Amino acid sequence: MSIHAKIVDDFVANGVGFITTVPCKQLAGVIDEVEARPEIHHVPSNKEDEGMGLCAGSYMGGKRAAIIMQNTAIGVTINTLATLIQYYRMPLPMLISYRGELREPVACQVEMAVHTKALLAQLNIPTYHFHNQSDVNEFDMILKYTFMCNKPVAILTDANFWGGYGDQ
Amino acid sequence: MIRSEILKEIAPILRDQLVVCNIGIPSQELHAIDDQPTNFYMLGTMGLASSIGLGLAMAQPKPVIAIDGDGSVLTNLCTLPTIANNVTDNYILLIIDNGSYGSTGDQPTYAGKKTSLAKVAEACGCDNVVECRDVDTGRVLQEALDSKKMTVIVCKCDSGNATMPVITMDPVVIRDRFMKAVQA
Ligand SMILES: [Mg+2]
């Protein structure tokens, strides 16, 4: 099974019925898979803080939500994470393309990569880093953990996990 | 009319609906005028009332009214294309457009100058956009509810705030109470 199908299967199995996405080249496959699944209401966002607002509304409406975005979005969403998702204690799995890591061809991406884990740690956000394809086997447990503790949880997925960026 | 006068007038309509209310003085005013478990008060995160309301409307069938401001819509302008392209007929976005940032000292917004939020919403693809005068808000809101069509209302009104207490309810209590009202 592809990692894209495995990820979306796990979302569905954990009752996630709403996913918003802001694209990244590394995420194209999983976004296609999200769009293809009838069990999931997929709404593309223009900006990640907007997307987290949609997720907060969906969760309060009784439908578990998740966001798929790039790590540059951590810079966009710190206020939303602190004053909406964390303050009102809502679960939010964040599947994050971790640009600027090993096998990254675009130098500027490294500039946010070096801040990504530090910012997530500063926010006390549980953070997992998928580097090898087999790491995807933990995704189901991470989702269960997220909905157990009602927190935003970050799953950083680097180019090596997705099979290379420039060289795929 | 200023925002608090409009909220007082439409409170009987809002009472029976799910309401997501904008950060700052709008939430304080609504809370003081007619606190209801069906009200979700934003205590932070300027700009996201329309997004939270849309997510809520998409997730469940009850009507949802997001009460937003001109300044907050300007800060999250990308919400309008998302609303336009994801038609959700139990969703009403009510923009109280007083042409100013009311919660921060009534500094003027561009919506009070050359920018028409109704025209922006139309250009973004929103199908049912109604710009109305403050005195017509109740009628327009009731018509939007009765139409069962997603509607964006831009209510042009005067700048100014009522002095209301800060909301001290815990955010998790607000959220839990609201979620129970959604499910009721
Ligand atoms: Mg205003």
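Convex hull volume per residue, computed on the Cα atoms of the range A:78-168, equals 82 Å³.
Among the listed pairs A:Lys144/B:Lys62; B:Lys113/B:Lys156; A:Lys25/B:Lys119; B:Lys62/B:Lys119, those whose Cα-Cα separation exceeds 22 Å are A:Lys144/B:Lys62; A:Lys25/B:Lys119; B:Lys62/B:Lys119. In sequence order, the range A:83-88 has phi-based couplings of 9, 10, 5, 7, 5, 8 Hz under the Karplus curve 6.51 cos²θ - 1.76 cosθ + 1.60, θ = phi - 60°, and Gly or Pro positions carry x. Given a 1.4 Å probe and the protein chains as shown, A:Glu39 ends up with an accessible area of around 100 Å². Straight-line cross-link partners of A:Lys151 among the lysines, defined as a Cα under 23 Å from its Cα and at least 8 positions apart when in the same chain: A:Lys6, A:Lys47, A:Lys63, A:Lys117, B:Lys180. Once each part is reduced to its C-alpha centroid, what is the distance from the range A:69-112 to the range B:63-119 in angstrom? For the range A:69-112 versus the range B:63-119, the Cα centre distance is 26 Å. Amide H to amide H distances under 5 Å link B:Asn128 with B:Val152, where only residues 5 or more positions off or on other chains count and H is placed in the peptide plane. When both bridge partners sit in chain B, DSSP labels roughly 5% of those beta bridges antiparallel.
Here the Kirkwood formula puts the hydrodynamic radius of the range A:17-113 at 13.8 Å, using every distinct Cα pair. For the protein assembly as shown, the Kirkwood radius over C-alpha pairs fed into Stokes-Einstein at 37 °C and 0.692 mPa s yields D = 159 µm² per second. Once B binds A, the 1.4 Å probe can no longer reach about 2200 Å² of accessible area, counting both sides.
Both the radius of gyration and Dmax for the range B:86-127 are 12.6, 35 Å, in that order, over alpha-carbon atoms.
Rg/Rh for chain B stands at 0.92; both radii use Cα atoms, and Rh follows the Kirkwood definition.
The values are calculated or read from the model by the stated rules, or taken from the named source; none is laboratory data. In this text, all values refer to a predicted model and were calculated from it rather than measured experimentally. We work out accessible area using only protein heavy atoms, side chains counted, and drop any ligands, DNA or RNA first. Shrake-Rupley method; radii C 1.70, N 1.55, O 1.52, S 1.80 Å.
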